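What follows is one structure encoded as structure tokens, with my remarks underneath.
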Amino acid sequence: YLLRACMLAGLPAVLAACEGRQSALDAAGAAARDILVTGWALFVGGTVIFLAVMGLALYAALARPERFPGRLSWVVGGGLLFPVVTLTALQIHEFGLARRLAVLAPDPALVVEVTGVMWWWDVRYHADGADPVRGANEIVLPAGRPVELRVTSADVIHSFWVPSLAGKIDMIPGHVNRLPVVAERPGLYRGQCAEYCGAQHALMAFDVRVLPAGEFDAWLAARRRPPPEPATPELARGRDAFFAVGCHACHAVHGTAADGLVGPDLSGIGARPSLAAGTLPNRVETIAAWIQAAQHIKPESRMPSFDVMDGDTLHAMAAWLESLK
Ligand code: CUA
């Protein structure tokens, strides 16, 4: 009784936890829904078969053998025919599912290249034949439009997974895997590296922002323009400090002299929901904390801790970065 009461009390809470930004049980794309339906069918079917087998085993253990009629037909039917038919049907379904999930749009309006790097995500948008737009640790997508993701890795094997949108796919150095995605509705989703890739594997996440298609076009156009001049003397000081400290050697900010390729692109970083590949919420204070103590927050990442700057300079630099939207 106690166990059953706990299960009844706990189940809604467990299922409630399955909703949200990163959940295979909360599908926001056709591919994710296809996988979800298959998952439920396997779960329900497996549960029914498990209960039937346990019931029969119990019956066989308790009943005297002579009262268990047709033993041979049970063995042939339940032990041979049923599994062969069921597993063959499932296999055929899986072939169809795998094929459907891999169908690429012949001429996608948007191709997003995503490269896994220990431990962040380099993102490039190819659209309209124009120069690619670079970003990092966030993928912005238009709702309702077919997009092709081309994923690869710059170092070790990572795995790209946004459970709400599509299945998981490996990111392999020297090889490009292609994943078609259609996000059905605007929203904020979360992706996570799903292949152990070193010390900070757990802190290798990203946000997927799905915008209405028109807003996405405006966003992409804005990313092609240089950022506005700093609006206050503090922001100007922050920008100057960014270059004086040498951040631009590793990081790029489109439309400025910063064009480093080693670290994440920082263009429009102020609009991103999170920092350092899903590690921190994005605010002026957390940007400052990250710059000052990156090795404390994410040890072994390639971002050094810049802990010799005075507080005002640090804050100004963080405020300038946060103003890039
Ligand atoms: Cu990248 Cu785990």
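Key figures for this structure:
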item: Within the chain: Cβ-based charge dipole about Cα centre, in debye rounded to nearest 20 (Lys, Arg +1; Asp, Glu -1); result: 1260 debye
item: Length added when fully stretched, L25-V308, from 0.36 nm per residue minus Cα-Cα; result: 97.3 nm
item: Span-rule helices in the chain, defined as complete DSSP H runs reaching 30 Å or more along the axis (Cα) with Kyte mean at least 1.6; result: 30-62
item: The stretch 233-323: translational diffusion in µm²/s, Stokes-Einstein, Kirkwood Rh over Cα pairs, 37 °C, 0.692 mPa s; result: 253 µm²/s
item: Beta bridges by DSSP in the chain, antiparallel share as percent, to the nearest 5; result: 70 percent
item: The stretch 112-150 versus the stretch 221-270: alpha-carbon centroid distance in Å; result: 20 Å
item: Computed E for Q295/R185 - FRET, C-beta separation, R0 45 angstrom, nearest 0.05; result: 0.70
item: Accessible solvent surface per residue of the chain, calculated while the other protein chains remain in place, 1.4 angstrom probe, Å²; result: 54 Å²
item: Prolate/oblate/rounded call for the stretch 127-267, Cα gyration tensor, a/c under 1.5 rounded; result: oblate
item: Rg ratio (alpha-carbon, reference 2.2 N^0.38 Å) - the stretch 63-190; result: 1.64
item: Solvent-accessible area, 1.4 Å probe, carbon plus sulfur percent, for the stretch 136-281; result: 60 percent
item: Inter-centroid distance (Cα atoms) of the stretch 52-86 relative to the stretch 278-325, Å; result: 65 Å
item: The chain, Rg to Rh (Cα coordinates; Rh as Kirkwood inverse mean 1/r); result: 1.12
item: Distance in nm between pseudo-label sites at V75 and A221 (7 Å out along the Cβ direction from Cα); result: 7.5 nm
item: Contour excess over end-to-end distance, with Cα ends at V37 and L58 and 0.36 nm allotted per residue; result: 4.4 nm
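The values are calculated or read from the model by the stated rules, or taken from the named source; none is laboratory data. Quantities reported herein were computed from a predicted structural model and do not represent experimental measurements. For neighbour counting, all protein chains shown are included, and Cβ atoms are generated from backbone atoms with ideal geometry for every residue, glycine included. For the accessible areas, the whole protein counts, side chains as well, though only heavy atoms, and no ligand, DNA or RNA atoms are used. Shrake-Rupley method; radii C 1.70, N 1.55, O 1.52, S 1.80 Å.
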